[in-house]
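Visitor: This is the structure, below, for whatever I ask next.
None of the figures in this text is laboratory data; all of them are computed from the coordinates on show. Predicted model only: the values in this text are computed from it and were never measured. Virtual Cβ from ideal backbone geometry, glycine too; neighbours counted across all protein chains shown.
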Amino acid sequence: MKTKKKQKQVSVEEYIETFCQEKRVRERYAVYVSEKTHRRLKGVVRIFAGKHHTTTSSLADSIFTHHFETYGELLNEEQNRFDQEFLEWLKGTKWHESDDIETEEADSIIRDEQAE
């Protein structure tokens, strides 16, 4: 069961500054959300679209950007932990014939996977 965290109170101005600025999203990729989330995004866009030129794409992009700025350090730490566990696993597989895989080579494999 999820426990709700106490919502941080921000002013309308702070909300607009963070999430509702006009933003042109040039290189687009599909991200699928639930119908409920999409309805809620469209509802927020209706509130701010006219005066602040907010679109569903710009709002979603701003939400993701804020998330990565807020939790970036935590996410980087977890990515590093995952990468280290992957390297350890890779060393134990038959993928590489020698018992000690070169760190540079393994790092290259991880970079290639992240780029995809």
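Visitor: Give me the extension gain from Asn80 to Val12: residue separation times 0.36 nm, minus the current Cα-Cα distance, reported in nm with one decimal.
Guide: Working it through step by step, the gained length comes to 20.8 nm.
Visitor: Report the Cα centroid-to-centroid distance between the stretch 10-33 and the stretch 39-80 in angstrom, as an integer.
Guide: 5 Å
Visitor: Can you put Glu35, Glu88 in order, fewest other beta carbons within 10 Å first?
Guide: Glu35, Glu88
Visitor: May I ask you to list the chymotrypsin sites (Phe, Trp or Tyr not before Pro) in the stretch 6-65 that are in a DSSP loop and have at most 15 other Cβ atoms within 10 Å of their Cβ?
Guide: The qualifying sites are Tyr29, Tyr32.
Visitor: Can you sort Val44, Val33 by how many other beta carbons sit within 10 Å, fewest first?
Guide: Val33, Val44
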